[in-house]
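Since the structure comes first, as structure tokens, the remarks are kept for the end.
Just so you know, all these numbers are worked out from the coordinates, no wet-lab data involved. This one's a predicted model, so the numbers in the text were calculated from it and none came from an experiment. Positions of Cβ are backbone-derived with ideal geometry, glycine not excepted, and every protein chain shown enters the neighbour counts.
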Amino acid sequence: MKDYVCLNKNYSTTRRLVQHLPDAVGKMEKAELGTTLFPGEGEGRQGEGGLRSKGFFKKNDKKTLLVTVVTVVFNDAKHIEETINSVINQTYDNVEYLVIDGGSSDGTVDVLSKYDDQIDYWVSESDKGIYDAMNKGIELATGVWLNFMNSGDKYFSSDVLMQIFGVWNFGNVEIIYGNNEVRYPHKTRLASAGNIHNLWKGSQFSHQSAFIR
């Protein structure tokens, strides 16, 4: 553990950091998009920040796999904080958290700045929509596993990541997915995951409940 720095034991994103560049940078091992730490400045950039800007990064470990969580947001100051807290309060130790904001004007950037010491990297600038923002998150990710937990969504409990990555050895598995709970103003519904072999028929699970290697 000498290689790691703990800035704050209270958060999943601040218990296991390094002060050197991660091995994944510049390699094409994750996706065709590759991996980078900081995106080139986009149109209408309002700000960026996070632990990377302070010289702290994440490192994969065979015993504690690095999980990257990406949140995409646009003008959702009302709900983004709940999503952030759902991620940073996970009990799992090796979490990389990226937030991609599409240039919000409703106070979302102020919320991101508030969590500058817990988010690995955040940026606020114009984009071409949710999928463009999600692709930007993929480019910035250095984790072995990737999950999208967009603004307004949250994990079922604080130990979800620990139950998955703290217990199981997945070998050559490329995707992990499960059920998700959909909450309405006056009711809650369980959305059961389908069979991945039926993807040709349509979506079988939500991106919030899926982890992709």
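Can you find even one residue in the stretch 78-94 that is touching a helix residue (DSSP H, G or I) at 6+ places or on another chain (Cβ under 7 Å) and of a type in the set (A, V, I, L, M, F, W, C)? Quick ask: steps written out before the conclusion?
Taking the stretch 78-94 as the starting set, the residues that turn out to be touching a helix residue (DSSP H, G or I) at 6+ places or on another chain (Cβ under 7 Å) are 80-81, 90-92.
Restricting the remaining residues to those that are of a type in the set (A, V, I, L, M, F, W, C) gives 80.
Yes; the residues of the stretch 78-94 include at least one that is touching a helix residue (DSSP H, G or I) at 6+ places or on another chain (Cβ under 7 Å) and of a type in the set (A, V, I, L, M, F, W, C).
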Selected residue (criterion: surrounded by the fewest Cβ atoms within 10 Å (Cβ to Cβ)) from residues of the stretch 112-155 that are assigned to a helix (DSSP H, G or I), among the aliphatic types (A, V, I, L, M) and touching a Ser or Thr at 6+ places or on another chain (Cβ under 9 Å): I138
Report every pair of residues separated by at least 6 positions or lying on different chains whose Cβ atoms are under 7 Å apart, first residue within the stretch 117-140 and under 17 Å from Q46 (Cβ atoms), second buried (at least 19 other Cβ atoms within 10 Å of the Cβ) and of a type in the set (K, R). Y121/R52; D127/K136
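With N85, N94 as the choices, which residue is in contact with a Lys or Arg (Cβ under 9 Å, 6 or more places away or on another chain), polar (S, T, N, Q) and crowded, with 17+ Cβ neighbours inside 10 Å?
N94
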In the stretch 156-166, anything surrounded by fewer than 19 Cβ atoms within 10 Å (Cβ to Cβ) and farther than 19 Å from H79 by Cβ is listed as D159, M162, Q163, I164, G166
Of all residues in the stretch 103-159, which are more than 18 Å from G49 (Cα to Cα) and acidic (D, E)? D106, D132, D153, D159
Looking at the stretch 79-103 only, could you name the residues that are more than 23 Å from W145 (Cα to Cα) and touching a Phe, Trp or Tyr at 6+ places or on another chain (Cβ under 6 Å)? G102
Unique match (being part of a helix (DSSP H, G or I) and within 23 Å of S157 (Cβ to Cβ)) among T91, T64, T83, T71: T83
